[in-house]
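The values are calculated or read from the model by the stated rules, or taken from the named source; none is laboratory data. Computed from a prediction, not measured in an experiment: that's the story for all the values here. We place every Cβ from the backbone using ideal geometry, glycine too, and count neighbours over all the protein chains shown. Please note that ligands, DNA and RNA were not included when accessible areas were found on the heavy atoms of the full protein model with its side chains. Shrake-Rupley method; radii C 1.70, N 1.55, O 1.52, S 1.80 Å.
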Amino acid sequence: MYLMDPEQDGIELQERNMDGFDNTMEALLPTLHQQRTYDYVLVADKVEDQEHPKFLKQVAFIDHLRKKNMKVTKIVHVDKVFYGVRAPKEIFDKYRYLLKVSDSCNWSGDRKCGRIPHSTRIRVVHYILHHTHINTGENLRELQEKGVFEATFCLHEMNKQKVLKQKWARWSALCSTQPVDDVRSYFGEKVALYYLWLGWYTILLVPAAILGVIVFLYALAFFNTSPLIKEVCESDTVMCPRCDKWCQVWQLRDTCTYAKVSHLFDNEGTVAFAMFMAVWATIFLELWKRHKAMFVSKWNVFDWCEEEEELILGVVNDPDCHPKEFRHSYLRSTLVLVLVTLMLVLIIGLTQALVVFRVVAAVVLSEGTWEFVRDHANTVAVMLGAVLHYITMQVMTRVNKTVAFKLCEIEKTQSMTATERSFTVKMFTFQFFTLFSSLIYVAFFLGRINGRPGSYVRIFGKWRLEECHPSGCLTDLFIQMAVIMLLKQTLNNIFEFIVPWFKSKFRRNTTKKLERKSGDCNKNACREEEKRGHDPCDICKLHDWLRNYDLNDVNFFSLFNEFLEMVLQFSFTTIFVAAFPLAPLLALINNIFEIRLDAIKMVSLERRLVPKKTNNIGIWTKVLEAIGVLAVIANGLVIGVSSDFIPRLVYRYHYGPCANGEDNVHCMKGYINDTLSTAQITDLNVRKDFFPSQLITGSGFNVTQCSYKDYRNDVDYSLTSQFWLIMAVRFAFVVLFEHVVVIFKCIAAWFVPDSPMLVKNDRLKDKLCRLKEELQDMTYRQSTDV
């Protein structure tokens, strides 16, 4: 059974049938004494019926590859058909020449190297395969979706793979430096720049993590001597019930432990740390640009343009191709904008649903039979809400990905690079709102819109909204962040490694059976033939292809998901760091393991990624810059609005004992009582909010008044002048904080150049040398013509 005419166009086409040990092997062409490595492998199910549409489409696709002078080796084994694809030298000669005459890619090392790197061969062949259409107009992706081909992949190079495993992709290399040049040679610049960025990010997390630990230890040092904690723990103040029906009045001192925890994350040190992290984000980005410039200059891709390379590959694939022109449609742009807005409304709506869940959960838990849960219903509800938020994130990630893709299809972008940029922005926006909508509610709305005794705000007129603890709302934000960050990082890493490992083991067992059926060969003789430049035998080829076939599949999302995970972690580390100073430490520990985990997965558990050439991390740089701006705004609001830093400051210098001239008294004495207002049970509206049984203390006394956190008049419940003064100082602080930090960020960005002088001088010398070479070539051609 022949798939095509082996004589036409001088194509190498070999067919092998290997059904057990009685294999029929017949070479249709002599073995080539040229490049032995196959650039790509296509896998399809064996179809016996030659009139079947799948078989005809397989034949048609291979025939179109033949017309492009692609050399194909076909091996039939059991119920699978393997096609080894190898591009001829002429294709790469065209590619190198077009690089030389291009505007932006002429500095690349590929244009002048003697032997085309295998990573470049894979990239070129990948483009040709995915831009080859059969007569029905279907391309390789569409044929895969219809089951004509089961899998397509490029092959791992065993020697280089072994070197990467020894140097990099193993747990024992946890603290060793990354061989970025080797990674770039094997996986291409795009993957190398990801690991270069991740390694640089991890290194610069060290000072942030150290300072975060110092801030935490500073709070811990004054743990037992803080007058605020002492005031809460020794207070006799009776507080109003925290929920309806079953919650009773309670003593403020019952929350002594909560007040201590609050002090760990809501103190003077967090203000300085938040400012530091906002400036750190800018310094990190500026230093990253310098660090990246050194490597892309060394790799000769400083001026590389991905979109221009797409044009070059298009011409190599089809000399008569036409460019995909730039288009803009106001109708499509408006439609995309409306759909993005609707998607964000849906995500925010889910956040409100989580709020409702927390409110209802607090009520249900307070009515439970477990005393500990009943007494800490609000805290347990917060933690349950965080876990549910994590589950929602996992579900919405899949939804967000699908929606972002559909929106990119509506946009009809000009190139694959433009599509990738558009998809990245949309996907990150959706994920950002999915992750941070709940945190934004906790940080800026929790406890501020719940009303007061006698006038509580209720959901559907039934359930009271949550309240903050008298020590502040920052602890709720800390709990939410800690649970989400720990769950997200820990579970993601476990599943990210365990699932591919189990899949690989399962598929490996299946592939071993196929390898046993393919027979054996004289490996020493095979190696000798390879050294002489001959193809390996069919059994060796099949074993190599099967080893790659049994690995986990990879696609565009493989590297995108890694970037998205790390950039979202960067968001957690910077945006709400004022509420969680230990976030950089957790990120540092996670990243140390993340680098090796990703390396092991990419080298040993997954098929080889198609090497992509680039000179930066793409649109992610802009995303990181936007996160740096958001970090300034968010941390300013967290300190100024969410924390008790400003109320304490106002009390110390305007209402406290020191402001009133008292000596030998701590300036913060009486602060907690100053933040509380009193509700009179004799008030009819207040009495309607509580059952009589709720107003009895644990010792059996009926209370006539109870306290709640707010600045209100005890008679008519109007907001006091102290409330308005604190509000004014809050907004003044936010404006001042953001302007000061932005000034520091601008100075840091100006002070640190994007490219080192060494890189600029090297590029200048290289341009001069190339100009001299061109002049010499022109002079030589002129003298030859004469």
>> Being open to solvent by 50 Å² or more (accessible area, probe 1.4 Å) and among the β-branched types (Val, Ile, Thr) is the filter here; which residues of the stretch 225-236 pass it?
In response: Thr225
> Within the stretch 400-451, can you find the residues that are of a type in the set (Val, Ile, Thr) and touching a helix residue (DSSP H, G or I) at 6+ places or on another chain (Cβ under 9 Å)?
Replying inline: Val403, Ile410, Thr413, Thr417, Thr419, Thr424, Val425, Thr429, Thr434, Ile440, Val442
> What residue, of Phe576, Phe570, Phe593, Phe560, is among the aromatic types (Phe, Trp, Tyr) and open to solvent by 30 Å² or more (accessible area, probe 1.4 Å)?
Replying inline: Phe593
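Here is a yes/no grid of residues against (1) outside the structural domain of Lys54 (by the TED database); (2) open to solvent by less than 20 Å² (accessible area, probe 1.4 Å); (3) free of Cβ contacts under 8 Å to residues at least 12 places away in the same chain:
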site	(1), (2), (3)
Lys68	no, no, no
Tyr95	no, yes, no
Leu98	no, no, no
Ser119	no, yes, no
Tyr127	no, no, no
His130	no, no, yes
Leu140	no, yes, no
Glu150	no, no, no
>> Which of the numbered conditions does Leu198 fail, given that it passes all the others? Conditions: (1) under 36 Å from the mean Cα position of the chain (by Cα); (2) open to solvent by 10 Å² or more (accessible area, probe 1.4 Å).
In response: (2)
>> Checking the condition more than 30 Å from Glu420 (Cβ to Cβ) and under 43 Å from the mean Cα position of the chain (by Cα), which residue from Ile681, Ile672, Ile696 passes?
In response: Ile672
> Does Arg652 count as of a type outside the set (Phe, Trp, Tyr), open to solvent by less than 50 Å² (accessible area, probe 1.4 Å) and either outside the structural domain of Lys245 (by the TED database) or not in a loop (DSSP other than H, G, I, E, B) (or both)?
Replying inline: no
> Any idea how many residues of the stretch 655-684 are surrounded by fewer than 14 Cβ atoms within 10 Å (Cβ to Cβ) and assigned to a helix (DSSP H, G or I)?
Replying inline: 2
>> Here's a check for you: in the stretch 376-402, which residue that is in contact (Cβ under 8 Å) with a residue 60 or more places away in the chain and out of contact with any Leu (no Cβ under 8 Å at 6 or more places or on another chain) is most open to solvent (accessible area, probe 1.4 Å)?
In response: Met383
>> Considering only the stretch 620-628, I want to know if a residue exists there that is open to solvent by less than 10 Å² (accessible area, probe 1.4 Å), in contact (Cβ under 8 Å) with a residue 40 or more places away in the chain and more than 15 Å from the chain's Cα centre (by Cα).
In response: yes
> Among Lys289, Lys324, which is the only one that is among the charged types (D, E, K, R) and at pLDDT 90 or above?
Replying inline: Lys289
> Of all residues in the stretch 171-195, which are small (Gly, Ala, Ser) and crowded, with 16+ Cβ neighbours inside 10 Å?
Replying inline: Ala173, Ser185, Gly188, Ala192
> Any idea which of Ala443, Ala482 is of a type in the set (A, V, I, L, M), surrounded by fewer than 20 Cβ atoms within 10 Å (Cβ to Cβ) and in a helix (DSSP H, G or I)?
Replying inline: Ala482
